[in-house]
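Here's the structure, in structure tokens; my notes come after.
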Amino acid sequence: MTQLRSRAVRIDQYGGAEQLKIVDVTVGEPGPGEIRIRHKAVGLNFIDIYQRSGLYPLPLPLHLGMEGAGVVEAVGEGVTHLQAGDRAAYTSQPAGAYCDVRVMPAKCVCKLPDDISFETGAAMMLKGLTVQYLLRRTQPQGGLQAGDSVLFHAAAGGVGLIACQWARAMGLQLIGTAGSDEKCALAQAHGAAHVINYAKEDFVARVKEITGGKGVKVVYDSVGKDTFMKSLDCLRPFGLAVNFGNASGKVEPMDINVLAGKGSLYVTRPTVYTHIATREATQAMADDLFAMVSSGQVKIQIDQRYPLEQVQQAHRDLEARKTTGCTILTL
């Protein structure tokens, strides 16, 4: 059997960015339902930080990275939607994308259209599929129609900038929050109908002002602890609060009766991996994402590129919220 060598990023214990080590690993042949892929680029995401820190605990030692793009080198038995030589991109479990070459499950790997670059593919799969399931599949009672107002926190981040554009394409009035005037301007340039600098303004009061006191139908909140309870105050009756990340820490336990007092609200905590649990669902969601990107309605903004050797600095910058748009590791 072929034995290849690959660089890979591993942690042996939870902690800060200093735990990230580049190690040499052996890569074999794909088994049934698997492929071997040689990466051209891989994406960085907050979930990588959650896993590194132990907020999302996984067995150690742990190889990090949830999305990437490259060329399929070999396919295992039973894999019919991919073949050697295909350009491909994915977000997938288990983690392990921070490497040159890996063997991985084929289920969530999709052919990458020729008009989408490897860097774009690596930067967009987790974030783009997240926006797809949020705006298309995680909707409030009665759904979303053109003209509806939604609140989206961290609107200048990788997920946020995609959401601003996608919401504009759907005709939604997206109210985006960010922590600086520069980030607010970036979100607005990408399609946010309104922006709020939460470092200067009370976002609850501004949302009520923007919506004429009604509130929004849905809040998409990846910040977590610092914003979630105030997010509930931005909702109209029967509104939906979607917590899909924990950039400031986990949302604290909540008295469920609070939802009654604030207007019979709905709360959900979805993940992209529930939505892409089947090959069919993954492909359908990816087709929607690819169409939005190929049409130009959604442009993937890559603002930071780091060589694999600078993975520690990449994590520090992402964790300190020094980044905008998408961040990738180049190989």
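The values are calculated or read from the model by the stated rules, or taken from the named source; none is laboratory data. Note that the structure is predicted; figures quoted are calculated from it, not measured. All Cβ positions, glycine included, derive from the backbone under ideal geometry; neighbour counts span all protein chains shown.
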### Message
Step by step: first the residues of region 1-55, then only those that are hydroxyl-bearing (Ser, Thr, Tyr) and touching a Ser or Thr at 6+ places or on another chain (Cβ under 9 Å), then the one that is farthest from PHE118 (Cα to Cα). Which residue is that?
### Response
TYR14
#### Entry: Residue among GLY224, GLY212, GLY157, GLY171 that is exposed (fewer than 15 other Cβ atoms within 10 Å of the Cβ) and more than 17 Å from GLN297 (Cβ to Cβ)
GLY212
## Note on the structure
In region 240-250, anything part of a loop (DSSP other than H, G, I, E, B) and closer than 26 Å to GLY213 by Cα is listed as PHE244
### Query
Tell me, which residue of region 100-117 that is over 20 Å from ILE47 (Cβ atoms) and surrounded by 22 or more Cβ atoms within 10 Å (Cβ to Cβ) is nearest to the chain's Cα centre (by Cα)?
LEU112
#### Entry: Pair list, Cβ under 9 Å, 6 or more apart: region 301-314 residue assigned by TED's automatic domain parsing to the domain that holds ILE49 and under 16 Å from VAL23 (Cβ atoms), other residue among the small types (Gly, Ala, Ser) and outside any strand (DSSP E or B)
VAL311/ALA17; GLN312/GLY16; GLN312/ALA17
### Query
Would it be correct to say that GLY176 is within 20 Å of THR330 (Cα to Cα), crowded, with 24+ Cβ neighbours inside 10 Å, of a type outside the set (S, T, N, Q) and outside the structural domain of ALA69 (by TED's automatic domain parsing)?
no
### Query
Out of curiosity, is ARG269 of a type outside the set (S, T, N, Q), in contact with a Phe, Trp or Tyr (Cβ under 9 Å, 6 or more places away or on another chain), under 20 Å from GLN93 (Cα atoms) and surrounded by fewer than 20 Cβ atoms within 10 Å (Cβ to Cβ)?
yes
### Task
Considering only region 262-331, give the helices (runs of 4 or more DSSP H) lying wholly within it that have at least 3 residues that are small (Gly, Ala, Ser), farther than 26 Å from ALA241 by Cβ and out of contact with any Ser or Thr (no Cβ under 6 Å at 6 or more places or on another chain).
279-294
### Query
Are any of the residues in region 20-27 in contact with a helix residue (DSSP H, G or I) (Cβ under 7 Å, 6 or more places away or on another chain), of a type in the set (Lys, Arg) and assigned by TED's automatic domain parsing to the domain that holds LYS322?
no
### Query
Within the set of pairs 6+ apart or on separate chains, which have a first residue in region 135-163 that is in the same structural domain as TYR220 (by TED's automatic domain parsing), a second that is assigned to a loop (DSSP other than H, G, I, E, B) and among the aliphatic types (A, V, I, L, M), and C-beta atoms under 6 Å apart?
ASP148/LEU172; VAL150/LEU172; HIS153/VAL223; ALA154/VAL223; ALA155/ALA192; GLY160/ALA154; ILE162/VAL298
### Summary
Residues of region 231-251 being surrounded by fewer than 20 Cβ atoms within 10 Å (Cβ to Cβ), under 23 Å from GLY142 (Cα atoms) and of a type outside the set (A, V, I, L, M, F, W, C), in sequence order, are ASP233, ARG236, PRO237
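A quick yes/no check of all residues on (1) assigned to a strand (DSSP E or B); (2) outside the structural domain of ILE175 (by TED's automatic domain parsing); (3) basic (Lys, Arg):
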{"site": "LYS200", "(1), (2), (3)": "no, no, yes"}
{"site": "GLU209", "(1), (2), (3)": "no, no, no"}
{"site": "GLY212", "(1), (2), (3)": "no, no, no"}
{"site": "LYS217", "(1), (2), (3)": "yes, no, yes"}
{"site": "MET229", "(1), (2), (3)": "no, no, no"}
{"site": "PHE238", "(1), (2), (3)": "yes, no, no"}
